[in-house]
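The structure that follows is given in the form of structure tokens.
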Amino acid sequence: MTLRTANRDELAKYLAQTLNIAQYRDYCPNGLQVEGRAEIGLVVSGVTASQALIDAAVELKADAILVHHGYFWRGEDPRVIGTRQKRLKALLTHDINLFAYHLPLDGHPELGNNAQLGRQLSLIGEDRFCDDKLGWLGSVQSDVNVATVGDLARLIERRLGRTPLLIGDANQAIGKVGWCTGGAQGFLGDAIAAGASVYISGEISEQTVHLARETGVAYIAAGHHATERYGVQALGAHIAEQFGIHHQFIDIDNPA
């Protein structure tokens, strides 16, 4: 049984300050999205607030869920029907808080998705680029046996547990590496301008292929979910340490 708890509102305030959420113009509200019980002893984290994650949190008797992809996205149907109704009903019935942090979690210099993906892939961040400085630019650690773009793709496969899609010459020598997790394939042009010779993100679009081929800058699509598993884990572990509460990450498999 949990011996210590954190006050919901104090935790929300701490997260807002730590992630500097006021700095970002985002596509969704960052912070407490669904209010549950006032005292939190167990936080379950995951990439997306899916029904499967909620069901797992209910099974564990969690007091809060912490995610990167929450609800109430700009431009979506605001009605509480269908899937949205089922998810919200489950959270409210079981008095579970939902905390969600999108761009602020991408951008944090230590706990963020990009910072944590860099650690997973042995990348050294040297500079930042694009809107809100979300993109990272750097190099592979010298003690890692990565000399070519193909070597980097194989490293990603080993570390992330899935085969990435590589557009470009696998034998091309590694230079500067740019990366930005999730659906940041649109930042390829910014990465090129920043001096990257290879760029890593989660997803890929039709036009991404042409830009990579025509510029000679390799592109690696490593998976939206796969690249964004690490920030929320780091954040969950951080608040558990700060507040003396329990945290458990649950990875709901997603091939995208």
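The values are calculated or read from the model by the stated rules, or taken from the named source; none is laboratory data. Since we're looking at a predicted model, the values are computed, not measured. Cβ coordinates were reconstructed from backbone atoms using ideal geometry, including for glycine residues, and neighbour counts include every protein chain displayed. Quick note on the areas: whole protein, heavy atoms, side chains included, nothing else; ligands and nucleic acids left out. Shrake-Rupley method; radii C 1.70, N 1.55, O 1.52, S 1.80 Å.
Quick one: in the range 16-41, of everything that is aliphatic (A, V, I, L, M) and over 21 Å from the mean Cα position of the chain (by Cα), which residue is least open to solvent (accessible area, probe 1.4 Å)?
I40
Follow-up question, since we're still on this one. Hey, can you tell me all the residues within the range 78-100 that are open to solvent by 50 Å² or more (accessible area, probe 1.4 Å) and at pLDDT 95 or above?
R79, V80, I81, T83, Q85, K86, R87, K89, L92, T93, H94, D95
Could you tell me whether any residue of the range 144-155 is open to solvent by 70 Å² or more (accessible area, probe 1.4 Å), of a type in the set (K, R) and within 24 Å of H108 (Cβ to Cβ)?
There is no residue in the range 144-155 that is open to solvent by 70 Å² or more (accessible area, probe 1.4 Å), of a type in the set (K, R) and within 24 Å of H108 (Cβ to Cβ).
Would you tally the residues in the range 116-151 being under 20 Å from the mean Cα position of the chain (by Cα) and not in a strand (DSSP E or B)?
12
Filter the range 125-153 down to residues that are more than 21 Å from G183 (Cα to Cα) and charged (D, E, K, R), then give me how many there are.
So the answer is 3.
Is there a residue in the range 18-31 that is among the charged types (D, E, K, R), within 18 Å of G183 (Cα to Cα) and out of contact with any Asp or Glu (no Cβ under 9 Å at 6 or more places or on another chain)?
yes
Output the residues belonging to the range 202-242 that are open to solvent by 40 Å² or more (accessible area, probe 1.4 Å), among the hydrophobic types (A, V, I, L, M, F, W, C) and in contact (Cβ under 8 Å) with a residue 24 or more places away in the chain.
Result: I204, single match.
Report, ordered by the first and then the second residue, all pairs with beta carbons closer than 6 Å, sequence separation of six or more or different chains, a first member in the range 175-201 that is farther than 19 Å from L152 by Cα and modelled with pLDDT under 95, and a second member that is among the β-branched types (V, I, T) and surrounded by fewer than 24 Cβ atoms within 10 Å (Cβ to Cβ).
none
Same structure, new question: Just name the residue that is nearest to D190 (Cα to Cα) out of those in the range 132-144 that are in contact with a Lys or Arg (Cβ under 9 Å, 6 or more places away or on another chain) and not hydroxyl-bearing (S, T, Y).
G135
Hey, among T48, T5, which residue is farther than 16 Å from A100 by Cβ, out of contact with any Leu (no Cβ under 7 Å at 6 or more places or on another chain) and not acidic (D, E)?
Going through T48, T5 in turn, just one is farther than 16 Å from A100 by Cβ, out of contact with any Leu (no Cβ under 7 Å at 6 or more places or on another chain) and not acidic (D, E): T5.
Would you check if K13 is within 21 Å of G112 (Cα to Cα), open to solvent by 30 Å² or more (accessible area, probe 1.4 Å) and at pLDDT 95 or above?
Criteria met by K13.
With the checklist (1) surrounded by 15 or more Cβ atoms within 10 Å (Cβ to Cβ); (2) out of contact with any strand residue (DSSP E or B) (no Cβ under 9 Å at 6 or more places or on another chain) in hand, flag the one item W73 doesn't pass.
Evaluating W73 over (1) surrounded by 15 or more Cβ atoms within 10 Å (Cβ to Cβ); (2) out of contact with any strand residue (DSSP E or B) (no Cβ under 9 Å at 6 or more places or on another chain) leaves (1) as the failure.
Next up: Suppose we keep only residues that are acidic (D, E) and modelled with pLDDT of 95 or more within the range 101-132. Which one would you say is farthest from V149 (Cα to Cα)?
Among those that are acidic (D, E) and modelled with pLDDT of 95 or more, it is E110.
Looking at (1) touching a helix residue (DSSP H, G or I) at 6+ places or on another chain (Cβ under 8 Å); (2) under 24 Å from V80 (Cβ atoms); (3) crowded, with 16+ Cβ neighbours inside 10 Å, can you tell me which one D55 breaks?
All conditions pass for D55, except number (3).
Please give the number of the condition R25 fails out of (1) in contact with a Lys or Arg (Cβ under 9 Å, 6 or more places away or on another chain); (2) basic (K, R); (3) farther than 19 Å from K89 by Cα.
(1)
Hey, which of the helices (runs of 4 or more DSSP H) in the range 160-256, taking only ones fully inside, have at least 3 residues that are touching a Lys or Arg at 6+ places or on another chain (Cβ under 8 Å)?
Correct list: empty, since no element meets the threshold.
Could you check the range 156-176 and list, in sequence order, the residues that are open to solvent by less than 40 Å² (accessible area, probe 1.4 Å), under 16 Å from P255 (Cα atoms) and of a type in the set (A, V, I, L, M)?
Of everything in the range 156-176, those that are open to solvent by less than 40 Å² (accessible area, probe 1.4 Å), under 16 Å from P255 (Cα atoms) and of a type in the set (A, V, I, L, M) turn out to be I156, L160.
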